[in-house]
Each structure stands twice: as structure tokens, then as C-alpha cells.
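Chemist: Got a structure for you, written out below as C-alpha cells; questions coming shortly.
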Amino acid sequence: MAAIFPDDGLDVLLGQWPKNDTRETTANLCLFTSQTASTVQGHTGNLAGLTETTYTSYARQSLATATWGALAEYPTNAGRQTVYNSGTPVTFPTVGATGATINGAFLTNGANTKLIAQANFSDLTAVTLATNDVLKVTPTVALTH
Amino acid sequence: MATEPTVYECPSTQCALGTVGEPGYFTSGATLEQAVMLTGKPTDELNEGTDYGEGVCPNCGTLGTAVP
């Protein structure tokens, strides 16, 4: 799986610690159609460098920091991770008239001004959404040693 | 410049949209066909604007509220 915390995302993380930027209490989970099913942007990637899906009824889903799960090992001893809502997936709106081909998901800060992270789906396969389909995503964030 | 679509919040705590226990968001709204599937009602018992159409959650059929 291709995934990255681009410069913008690292700035957000470093802004929370050690720097004392304003606390981020929400993030947004979004879907992209640009790049490919197995590639994301490089380190200078940002929101302008990707295409967010516009399938009918799509909207970004808000993620509260308080809902991220307990910090745990990212196996095996590779780092630490947290899974959103203990693994209960985030459900996107049922597709209306027009679908899309989704190459992965990305996270933005609460104000939707910065790309925190961008990742393909773990099976490196695009998801083709048609009318009445529902996409569920289980966000996981890991930092390696 | 393209107009941003209105984003609605689904008020139903039972709805799977978003994640459990937190509000989910959508744009546009449930189609008539989706409303039939969600409610089990025939099309002639469904009303646009309350049962389907703009602002009606496509995942549960509840009328949402526009997010400022």
C-alpha cells in the first residue's frame, strides 16, 4: 500500500507536539480519484495535487480525535498505531445517480486546509462505485520507528 | 466557478453514515429508488423533499439538516 504523510501532514503532526499549535480536535476522511490504486503523491503533495471524488451524495466524514482507539503495537514491533472507533468502519453516503472509481482515502485537518495523509486501499485495488453502492473505510494511522 | 454542493448532517443516531455514535454527512439526497428500498413503501406513498430528494439521507432516509 502506498501511503504518505506529506510535508503538510508532518507539519500538522509536529504542530501538535512538540510545537504548541492550536489543538486539532477533528479531522476529515475523504476519498480521491486521482493518482492510481497503488500510488499517492510525493512528499510535497497537498490538497491541490489530488482530485476528490464527486460521486452523487458524497461528503467528507468528520473524525473526532476522541474516537481514535487505544494506541497499540504496529506489528511486529515496527511502531505504534491507532484505529478509528476500535475498527468500526466509517461509512460513506450511498451512491446516487453517478458513481466513481476510488483509488484511496485521505485525511485533512479540521479546517480542510491541509492534507495530513493520503493512502491507497490496503489491497491496492480501486473501488468502482455504482448507484446504490456503499463504501466503508476503516482508518488506521501508524508511525514506525 | 463551480458552486459547492450543500452538505447535510444526518440527525439519526441509528444511521450507519459516518461512524457509530457520531453524525454522518452527505450531499444531494436519496433517490426515489433508494427511498423505496429504505422504507419499503411504494413510490406513490413517498413525497419528494421529505422521503426522498435533496437533503434526505441516502443511507437511512431521514431528513437531514444543512451544515452552515
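Just so you know, all these numbers are worked out from the coordinates, no wet-lab data involved. Since the model is a prediction, treat every value here as computed from it, not as a measurement. Positions of Cβ are generated from backbone atoms using ideal geometry, with glycine treated the same way; all protein chains shown enter the neighbour counts.
Chemist: For segment A:46-131, which chymotrypsin sites (Phe, Trp or Tyr not before Pro) are both in a DSSP coil and crowded by at most 12 other Cβ atoms within 10 Å? Don't jump to the answer; show the numbers that get you there.
Modeler: On the way: sites: A:Tyr55, A:Tyr58, A:Trp68, A:Tyr84, A:Phe106, A:Phe121; in loops: A:Tyr55, A:Tyr58, A:Phe121.
Nothing satisfies the criteria.
Chemist: Based on other C-beta atoms within 10 Å, arrange B:Asp44, A:Asp11 from fewest to most. Walk me through the intermediate numbers first.
Modeler: Working: B:Asp44 6, A:Asp11 15.
So the residues, fewest neighbours to most, are B:Asp44, A:Asp11.
Chemist: Shifting gears a bit: What list of ³J(HN,Hα) couplings, whole Hz, do you get for segment A:114-128 from phi and the Karplus terms 6.51, -1.76, 1.60, once you set θ to phi - 60° and write x for glycine and proline?
Modeler: Karplus-based 3J(HN,Hα) across segment A:114-128 equals 9, 7, 7, 7, 9, 8, 7, 6, 4, 8, 6, 10, 5, 10, 8 Hz.
Chemist: Which of the cysteines found in the protein assembly as shown have nothing to pair with, since no other Cys Cβ lies under 4.7 Å from theirs?
Modeler: A:Cys30
Chemist: When the Karplus curve 6.51 cos²θ - 1.76 cosθ + 1.60 is applied with θ = phi - 60°, which whole-Hz ³J(HN,Hα) does each residue of segment B:44-56 get, with x for Gly and Pro?
Modeler: Going residue by residue, I get 6, 9, 9, 10, 5, x, 10, 9, 7, x, 3, x, 9 Hz, with x marking Gly and Pro.
Chemist: What does the C-alpha gyration tensor say about the overall shape of chain B? Classify as rounded when a/c is under 1.5, otherwise prolate if a/b is larger than b/c, or oblate. Please report the intermediate quantities before stating the final value.
Modeler: On the way: a/c = 2.39, a/b = 1.24, b/c = 1.93.
It comes out oblate by the Cα gyration axes.
Chemist: Also, I was wondering about something else. Which residue, chosen from B:Phe26, A:Gly104, B:Gly40, occupies the Cα position most advanced towards the positive end of the dipole of the protein assembly as shown, where the dipole is computed from +1 (Lys, Arg) and -1 (Asp, Glu) charges on Cβ about the Cα centre?
Modeler: Projecting each Cα onto the dipole axis, the largest value belongs to A:Gly104.
Chemist: Which FRET efficiency value, to the nearest 0.05, is calculated for A:Ala111 and A:Thr138 with the Förster distance at 35 angstrom and r the Cβ-Cβ distance? Could you put the intermediate results ahead of the total?
Modeler: On the way: r = 24 Å, r/R0 = 0.69.
The value I calculate is 0.90.
Chemist: Per residue of segment B:19-30, what does 6.51 cos²θ - 1.76 cosθ + 1.60 with θ = phi - 60° give for ³J(HN,Hα)? Whole Hz please, x for Gly and Pro, Karplus curve as stated.
Modeler: Computed from phi, the couplings for segment B:19-30 are 9, 4, x, 10, x, x, 10, 8, 10, 6, x, 5 Hz.
Chemist: Taking amide H atoms as placed 1.01 Å from N in the peptide plane, list the residues 5 or more away in sequence, or in a different chain, whose amide H sits under 5 Å from that of A:Thr138.
Modeler: The answer is A:Val90.
Chemist: Using a simple spin-label model with points 7 Å from Cα along the Cα→Cβ vector, what separation in nm is obtained for B:Met37 and A:Thr51?
Modeler: 2.5 nm
Chemist: B:Val7's amide H: which non-local residues (gap 5+, or another chain) put their own amide H closer than 5 Å, with H modeled 1.01 Å from N in plane and none for Pro or chain starts?
Modeler: Counting only residues 5 or more places away or on other chains, the set is B:Val67.
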